[in-house]
Amino acid sequence: MSEEISLDMDTLSNSTDSNNQMLNNVDGASIVKRNSYKPSNRSIILFDGVCNVCDGFVQFVLPRDINKKFYFQALQTEKGKEIQEYYGIKTDLSTVVLVEEETNSYCTKSTAILRVLSQLCYPYSAFYYLSYIPAFFRDFCYSTFVPYRYLIMGKKDTCMFSPSLKERFIDFKSPLILEELDSKEN
């Protein structure tokens, strides 16, 4: 027994919200892809998965986050894109994003870095006092460095990942991560 479903394509094309994404197939018909991301009370650091500076920041945070407050996800992954879409974050690989699900908020650039540091053990938490410097100046410095980060520190083809840390990543099945695991096994 088959069911027939009727869809008004004009209504569909004009009715997308932040949890839906319109997709066009080859025939020109539109379908709605639902965002499957479900938030919880986590603090998520979204980072550029191929940038060595961002990877270094994640590697720096992991052992110093003794309360395991932070979870991680590369911006380029499907789950990273879902999180950005869910919170209305503009896709921008030039910044680290800290998503604080408990307060349903996020911050970027220097503010994100300083908030992360504030949650780490001393002496790193003391860097939060730099937040008294106006954000426009901090972000100017941050944005001045960003275009040169690949040139100075390099770029990778895959996202860093250690299987022992998979519980700290939102989605450890990401293609970027799986490529890294496959290369280590061979």
Single condition Ile177 does not satisfy, out of (1) farther than 20 Å from Gly49 by Cα; (2) β-branched (Val, Ile, Thr); (3) modelled with pLDDT under 80: (1)
In region 24-56, the residues that are out of contact with any strand residue (DSSP E or B) (no Cβ under 7 Å at 6 or more places or on another chain) and either of a type in the set (A, V, I, L, M) or at pLDDT 85 or above (or both): Val26, Ala29, Val53
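Any idea which residue in region 63-80 is surrounded by the fewest Cβ atoms within 10 Å (Cβ to Cβ), counting only those that are of a type in the set (Lys, Arg) and at pLDDT 90 or above? Give the derivation first.
Residues of region 63-80 that are of a type in the set (Lys, Arg), as a first pass: 64, 68-69, 79.
Within this subset, residues satisfying the condition of being at pLDDT 90 or above are 64, 68-69.
Values: Arg64: 14, Lys68: 9, Lys69: 13.
The extreme case among them is Lys68.
The values are calculated or read from the model by the stated rules, or taken from the named source; none is laboratory data. None of these values were measured; they are calculated from a predicted model. Cβ atoms come from the backbone with ideal geometry, glycine included; neighbour counts cover every protein chain shown.
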